[in-house]
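Everything below concerns the one structure shown next.
The values are calculated or read from the model by the stated rules, or taken from the named source; none is laboratory data. Because the structure is predicted, anything quoted here is derived from the model rather than measured. Here Cβ is always computed from backbone atoms with ideal geometry, including for glycine, and neighbour counts include all displayed protein chains. All accessible areas refer to the heavy atoms of the entire protein, side chains included, with ligands and DNA or RNA removed. Shrake-Rupley method; radii C 1.70, N 1.55, O 1.52, S 1.80 Å.
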Amino acid sequence: MIEFIHKIPILTTLLSAIFFVILYRHGRAKGYPGYLLWWTLGVLCYGLGTLTESWVGLFGWNATAFKAWYILGALLGGFPLAQGSVFLMFEKRTATRMMTVVIILILAASILVLLSPIDYSLVEPTRLTGKVLVWSKVRWITPLINVYSFIFLVGGAFYSAYRYSKDSAYRNRFWGNICIATGGLLPGIGGSFTKMGFTEVLYVTELLGIVLIFAGYRIVRNDASLSIFETQMVKPRGE
């Protein structure tokens, strides 16, 4: 059973790749407003993160795959998707300032991860966990980035759902945002289990998370009602 769970990231990666292509085409048609650019980058990072998990599941643990997984998953994680929501909800200047602060944190932490020695006595052949980093204090930065991601990805989607819930004409957008919020929440729950040594829970929640985010995107994308956010009212190019 455990061996099967270690192959789940392969499916997650394939689904993320399909989602990325759809978002790329959507963004290109709209001239890549900030929110769509970051959502596209978010799904790309999501897929690259699960690609590293797929690699370990197929070929076993190695330091390069682990460090790529930590940067793409633990540090980037939901940040690009959350930043897309920030660009959707805030004016561009404010969103850019917020983005700059978090990117500086991510870059600093990524450098520390790349330079940190590995405690090979803690390495497990098919399990990824940050506890193998000798410079363990770098892991203190991760919660700061994850709180930001949680507030604006999960909280932003729930806030949007709340606003759409006030009018029955926005029923589809309400449910779409509920799906996105739930999908954004699940990998965070899985990440908490990873810290306790149960990485397999993360693999399942990542798959369910991208399925729900994808479903939420499709529901909102296919809805004919106008968005409450001005940044989504940009006229498409070529649509």
- Note on the structure: Picked from the range 88-112 (must be in a helix (DSSP H, G or I) and at pLDDT below 90), the residue farthest from residue 146 (Cα to Cα) is 92
- Specify the residue that is nearest to residue 130 (Cα to Cα); the eligible residues are those in the range 60-87 that are among the aliphatic types (A, V, I, L, M) and at pLDDT below 90. 74
- Does residue 78 satisfy the condition of being open to solvent by 10 Å² or more (accessible area, probe 1.4 Å), of a type outside the set (A, V, I, L, M) and in contact with a helix residue (DSSP H, G or I) (Cβ under 6 Å, 6 or more places away or on another chain)? yes
- Query: Quick one: in the range 14-68, which of the residues that are of a type in the set (Gly, Ala, Ser) and not in a helix (DSSP H, G or I) is least open to solvent (accessible area, probe 1.4 Å)?
  - Reply: 60
- Message: So in the range 135-154, with the set limited to residues that are more than 14 Å from the chain's Cα centre (by Cα) and either open to solvent by 30 Å² or more (accessible area, probe 1.4 Å) or of a type in the set (Lys, Arg) (or both), which one is farthest from residue 221 (Cα to Cα)?
- Response: 135
- Note on the structure: Flagged in the range 1-13 as open to solvent by less than 40 Å² (accessible area, probe 1.4 Å) and part of a helix (DSSP H, G or I), in numbering order, are 5, 8, 9, 12, 13
- Of all residues in the range 113-122, count the ones that are closer than 17 Å to residue 137 by Cα and assigned to a helix (DSSP H, G or I). 4
- Item | Scope the range 193-209; condition of a type in the set (A, V, I, L, M, F, W, C) and either touching a Gly at 6+ places or on another chain (Cβ under 7 Å) or open to solvent by 40 Å² or more (accessible area, probe 1.4 Å) (or both); matching residues | 193, 196, 198, 201, 202, 204, 208
- Any chance the range 174-181 includes a residue that's over 20 Å from the mean Cα position of the chain (by Cα) and either aromatic (Phe, Trp, Tyr) or not in a helix (DSSP H, G or I) (or both)? yes
